[in-house]
Amino acid sequence: MVLVEDEADLTEMVDAYLSREGFRVLTAGDARSGTAVLREHGADLLVLDLGLPDCNGLDFLRGVRAGKHLPVIILTGWSSERDRVVGLELGADDYMIKPFSLAELAARIRAVLRRSTPAVADPVLRHGPLCVDTASREVTVDGAPMHLTPLEYELLAFLAAAPRQVFSAGQLLPAMRGFEPGRGDVTSVIEHVYRLRRKLIAAGARRPRIVTVRGAGYRLDP
Ligand code: CA
């Protein structure tokens, strides 16, 4: 995490405490070096003092927010309620009012990191009797393995990841190209979808089924 704060004593205290708590802390005393540290090292979280010597912290936050997602906790004084509100509106995840307890800051950091870390996606896509294990690349219908070609598997995994969403053959092409770069065209997508649909029916899966949406493409109906 990166701490941008111009008060040297506070920086030192926060750094020492959070490092002891197991965080890797990089510090910067103003907006300019904060930007440089973020650009150079990246961060999983930013703790930002809104009262910086070279720049309004809110402008700094605006700049950070314009880039990729980065969880932010802002530090403000009691008197800066307006800044806190604007900070939260700008997308800060939480705020601490100075003076604050270091233990509380650590707890807030952990909470924000927990919220911002996406839950690990289940590698198994399940739709009725159909199970697509995207980790092992095994497909079963009612527990019985389905034998798919690699391309059929790619198409099924793609469709099963977004049920009820219609994809044109052109949109499905990357799923196949992902497997065999540079190969395949729209006609072969249509052929593979057709074969995949037949295999699903032959495996006894009444549901889910691959539905053709006239003029639009295909979708997997669970
Ligand atoms: Ca300050």
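The values are calculated or read from the model by the stated rules, or taken from the named source; none is laboratory data. Here the structure is a predicted model, which is why all the values come from computation and not from measurement. Neighbour counts are summed over all protein chains in view; Cβ atoms, including those assigned to glycine, are modelled from backbone coordinates with ideal geometry.
Between a residue in the range 1-12 that is under 14 Å from residue 40 (Cα atoms) and any residue that is more than 8 Å from the ligand (Cβ to nearest atom) and small (Gly, Ala, Ser), which pairs come within a Cβ distance under 6 Å, given they are 6 or more apart or on different chains?
Between residues of the range 1-12 that are under 14 Å from residue 40 (Cα atoms) and residues that are more than 8 Å from the ligand (Cβ to nearest atom) and small (Gly, Ala, Ser), the close pairs are 1/43; 2/43.
When you check residue 37 against the structure, is it in contact with a strand residue (DSSP E or B) (Cβ under 8 Å, 6 or more places away or on another chain) and at pLDDT 90 or above, yes or no? If you could, list the steps in order and put the result at the bottom.
Details: in contact with a strand residue (DSSP E or B) (Cβ under 8 Å, 6 or more places away or on another chain): yes; at pLDDT 90 or above: yes.
The answer is yes for residue 37.
Restricting attention to the range 12-52, which residues are assigned to a helix (DSSP H, G or I) and within 16 Å of the ligand (Cβ to nearest atom)?
Applying the first criterion (assigned to a helix (DSSP H, G or I)) to the range 12-52 yields 12-20, 31-41.
Residues satisfying the conditions are 12, 13, 14, 15, 31, 32, 33, 34.
Name the single residue that is surrounded by the fewest Cβ atoms within 10 Å (Cβ to Cβ) among those in the range 69-118 being in a helix (DSSP H, G or I) and among the basic types (Lys, Arg).
Restricting to residues being in a helix (DSSP H, G or I) and among the basic types (Lys, Arg), the top hit is 114.
For (1) outside the structural domain of residue 7 (by TED's automatic domain parsing); (2) small (Gly, Ala, Ser); (3) more than 16 Å from residue 116 (Cβ to Cβ); (4) under 24 Å from the mean Cα position of the chain (by Cα), each residue gets a yes or a no:
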{"residue": "46", "(1), (2), (3), (4)": "no, no, no, yes"}
{"residue": "52", "(1), (2), (3), (4)": "no, no, yes, no"}
{"residue": "60", "(1), (2), (3), (4)": "no, no, yes, yes"}
{"residue": "71", "(1), (2), (3), (4)": "no, no, no, yes"}
{"residue": "80", "(1), (2), (3), (4)": "no, yes, yes, no"}
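Restricting to the range 34-62, count the residues that are surrounded by fewer than 14 Cβ atoms within 10 Å (Cβ to Cβ) and more than 18 Å from residue 84 (Cβ to Cβ).
Residues flagged as surrounded by fewer than 14 Cβ atoms within 10 Å (Cβ to Cβ) and more than 18 Å from residue 84 (Cβ to Cβ) within the range 34-62 amount to 7.
Please specify each residue of the range 14-33 satisfying the condition of being of a type in the set (A, V, I, L, M) and surrounded by 14 or more Cβ atoms within 10 Å (Cβ to Cβ).
14, 18, 25, 26, 28, 31
Take residue 159 and decide whether it is surrounded by 11 or more Cβ atoms within 10 Å (Cβ to Cβ) and either closer than 25 Å to residue 222 by Cα or at pLDDT 90 or above (or both).
Criteria met by residue 159.
Mind checking which residues of the range 60-96 are touching a helix residue (DSSP H, G or I) at 6+ places or on another chain (Cβ under 8 Å) and either of a type outside the set (A, V, I, L, M) or farther than 25 Å from residue 39 by Cα (or both)?
60, 63, 69, 71, 76, 83, 87, 91, 93, 94, 95 - these are the residues of the range 60-96 that are touching a helix residue (DSSP H, G or I) at 6+ places or on another chain (Cβ under 8 Å) and either of a type outside the set (A, V, I, L, M) or farther than 25 Å from residue 39 by Cα (or both).
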